[in-house]
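These notes concern the structure reproduced below.
The values are calculated or read from the model by the stated rules, or taken from the named source; none is laboratory data. Only a predicted model underlies this, so the values are computations on that prediction, with no experimental measurement involved. Virtual Cβ from ideal backbone geometry, glycine too; neighbours counted across all protein chains shown. Side chains included, ligands, DNA and RNA excluded: accessible areas come from the protein's heavy atoms. Shrake-Rupley method; radii C 1.70, N 1.55, O 1.52, S 1.80 Å.
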Amino acid sequence: IEVTGAPIFSEDRKWKGVVLVFHDISDLKQLEQMRKDFVANVSHELKTPITSIRGFSETLLDGAMKDEKMLEQFLGIILKESGRLQSLIQDLLELSKLEREDFLLNIEKVGVQRLLKDLLPIVRQHAEQKEVELHLFVEGDTFIQGDSSRLKQVFMNLLTNAINYTGGEGEVLLEFREEEDSVVISVSDNGVGIPQEEISRIFERFYRVDKARSRNSGGTGLGLAIVKHIVEAHHGTIRVESVVGQGTTFYVELPKEFTEN
Ligand code: ADP
């Protein structure tokens, strides 16, 4: 709380009292703190791969290059770490685009079934690598008004997560249900699950339940923040149900008609 004060005098210049104004600046402070945390997080996330890229290049130049096995192994690490930097920067640019005041969706008529079906070939290879089975249950088509490339991004992110946090004979299900004024699309997996007390935090930038697992699978920690932005820009909602050790379902509800603000 910020307090400012001023004395008050009567007409004959006698001191009568003081006016105190209490300003609740907790929201502002909180915002400022969030901004600081974000900058610190970004710096940290950028630093880790760069440190590793520098370290391995130096070791190679110091002589390790002569050993063919080491050469191959270290170059592999350098490639992977620079890939991580690239995804991080891509996601950061994406988030800042979505957060701009003048950001506009490209609204068109979108067939939900077509949209979801188009995604499957793209994620199938990833699923096969992780030994995860993918199933799509969609009957009939429903059209909604939305930005199809942004919506694809939403379901790509959710599917990629479902595959990454499942693995090893897991199953991922993509379904959609039509309601009167909306459609509900769900992505379920039978993977590691999310502890109840952390569910509300996973949409925060860089929040991860298991840092090592997220990094290993190439996650940036920004995927769900991007997803939430896009869904809310469509005036939709996203919710999560999860049981640790059993699996997770993300439900995205999107209105059929798009209304401007
Ligand atoms: P990341 O790049 O780390 O996957 P996200 O923003 O996409 O970042 O997700 C944030 C965190 O939420 C993940 O690190 C993970 O801990 C958790 N999470 C997301 N999806 C799932 C899922 N399907 N199953 C279990 N945990 C998940």
Whole-Hz ³J(HN,Hα) from phi, Karplus 6.51 cos²θ - 1.76 cosθ + 1.60, for region 80-85, glycine and proline x: 5, 5, 6, x, 5, 4
Within a Gaussian network of the chain (alpha carbon springs, distance under 10 Å), most fluctuating of Pro121, Pro49, Pro195: Pro121
Most to least accessible of Phe9, Phe206, Phe56 (protein chains only, probe 1.4 Å): Phe9, Phe56, Phe206
Candidate residues Lys36, Lys130, Lys47: accessible-area rank, largest first, probe 1.4 Å: Lys47, Lys36, Lys130
Accessible area (Å², 1.4 Å probe, nearest 10) - Tyr165: 60
Heavy-atom surface of the chain, accessible at 1.4 Å and reported per residue (Å²): 63
Interchain or long-range residues, amide H under 5 Å from Leu136's placed H: Leu174
Three-way shape call for region 1-59 based on the alpha-carbon gyration tensor, with the a/c threshold at 1.5: prolate
Accessible heavy-atom area order of Glu139, Glu32, Glu81, highest first, probe of 1.4 Å: Glu139, Glu32, Glu81
Gyration tensor (alpha-carbon) shape descriptor, region 101-150, a/c threshold 1.5: oblate
Per-residue SASA entry for Ile8, accessible area with 1.4 Å probe, Å² rounded to 10: 80
Vicinal HN-Hα couplings computed from phi for region 134-151 (Karplus, 6.51 cos²θ - 1.76 cosθ + 1.60; Hz; Gly/Pro x): 10, 10, 10, 10, 9, 10, x, 10, 10, 9, 10, 9, x, 9, 5, 6, 5, 5
3J(HN,Hα) from dihedral phi, region 160-175, Karplus parametrisation 6.51/-1.76/1.60, rounded to Hz, x for glycine, proline: 4, 4, 4, 5, 4, 9, 10, x, x, 6, x, 9, 10, 10, 10, 9
Whole-angstrom Cα spans of the chain along principal axes, big to small: 91, 64, 36
Amide proton proximity set for Ser182, modelled H, under 5 Å, gap of 5+: Lys256
Cα gyration tensor shape of region 31-150, rounded if a/c is under 1.5, else prolate or oblate by comparing a/b with b/c: oblate
Rel. contact order, % - alpha carbon contacts under 8 angstrom, at least six apart, the chain: 15
Computed FRET value (nearest 0.05) for Leu75 with Arg213, which takes r as the C-beta separation and R₀ as 22 Å: 0.35
Nearest-10 value in Å² for the accessible area of Glu2, using the 1.4 Å probe: 90
Pairs beyond 22 Å (Cα-Cα), from Lys80/Lys152; Lys36/Lys97; Lys36/Lys152: Lys80/Lys152; Lys36/Lys152
Virtual spin-label span in nm between His135 and Asp24, 7 Å along Cα→Cβ: 4.9
For the chain, built as a Gaussian network whose Cα springs stay under 10 Å, the top-fluctuating residue of Arg213, Arg13, Arg124: Arg13
GNM result for the chain, Cα springs below 10 Å: residue of Gly218, Gly55, Gly247 fluctuating most strongly: Gly55
Estimated [θ] at 222 nm from DSSP helical runs (n ≥ 4, -39500 (n - 2.57)) normalised by residues in the chain, nearest 500: -16000 deg cm²/dmol
